[in-house]
1. Report ³J(HN,Hα) in whole Hz for each residue of segment 124-132, in order, from the Karplus equation J = 6.51 cos²θ - 1.76 cosθ + 1.60 where θ = phi - 60°; Gly and Pro get x.
2. In degrees between 0 and 90, to the nearest 10, how far off the longest principal axis of the chain does helix 46-57 point, with axes built from Cα atoms?
3. For ILE95, ILE107, which order do you get if you count the other beta carbons within 10 Å of each Cβ and list the fewest first?
4. Collect residues whose amide H, placed 1.01 Å from N in the peptide plane, falls under 5 Å from the amide H of ILE87; neighbours closer than 5 in sequence don't count.
5. Would you list, by chain and number, the lysines whose Cα falls below 28 Å from the Cα of LYS16, excluding same-chain residues fewer than 8 positions away?
6. How large is ³J(HN,Hα) for each residue in segment 85-102, as worked out from phi by the Karplus curve 6.51 cos²θ - 1.76 cosθ + 1.60 (θ = phi - 60°), to whole Hz, x for Gly and Pro?
7. Please find, in a Gaussian network model of the chain (springs between Cα atoms separated by less than 10 Å), the residue of ASN42, ASN141, ASN118 whose mean-square fluctuation is greatest.
8. Per residue Cα convex hull volume for the chain, in cubic angstrom?
Amino acid sequence: MNHVYVLMFRDKGIPKALRADGTEEVMSESALSRLERMTLLNGSTLRGRTDAVRQLTGWKQKLPVLISERTQEIWFPLISPEDPECIWVCSGHIIKASETAPGCTEILFSSGYRTTVNAGVRTVRKQMERCRTLRDLLNENAEKNKPAGLLD
């Protein structure tokens, strides 16, 4: 069974996570609480991560959250993170986003599983692009700040 989470959401007020294989799991905490715990396990806080993204990029809303520099795991919200109905998506597992109807987008994950979210394809694609931009920026900064004399 694949325990990699690709989506976090609320279903009738109950926090759930979607695994890469399409199975759902009821979570004991909200998506924001889960993200906070994930960032803490990687040496930062959720606020620290969002402050850094804001500072590095100038973006103000719907900021992606870098969970780990090592794995480059980045999650993004589809609406305001403050909204309890916010859906969070793990960017590294997305292959493609396609519009199924106005305001609805089908996401194809690397596992082959597909799901439809209530968000416009433009929003999903913009958030995916922001994650790529953030990843590229962080990799560029890491390369620039690499100590001299270390072998690649």
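1. 4, 5, 5, 5, 4, 5, 4, 5, 4
2. Approximately 70 degrees, to the nearest ten.
3. Ordered by Cβ neighbours within 10 Å, fewest first: ILE95, ILE107.
4. Amide H neighbours of ILE87, under 5 Å, 5+ apart: LEU78, ILE79.
5. LYS60, LYS62, LYS96, LYS126
6. Working through the residues one at a time gives 8, 4, 9, 10, 10, 8, 5, x, 9, 8, 9, 7, 10, 10, 6, 9, 6, x Hz.
7. Its mean-square fluctuation being the largest, the pick is ASN141.
8. 129
Where a number appears in this text, it was derived from the coordinates with a stated rule and is not lab data. These numbers were taken from a predicted model, which means no experiment stands behind them. Note that we place each Cβ from the backbone using ideal geometry, even for glycine, and neighbour counts take in every protein chain shown.
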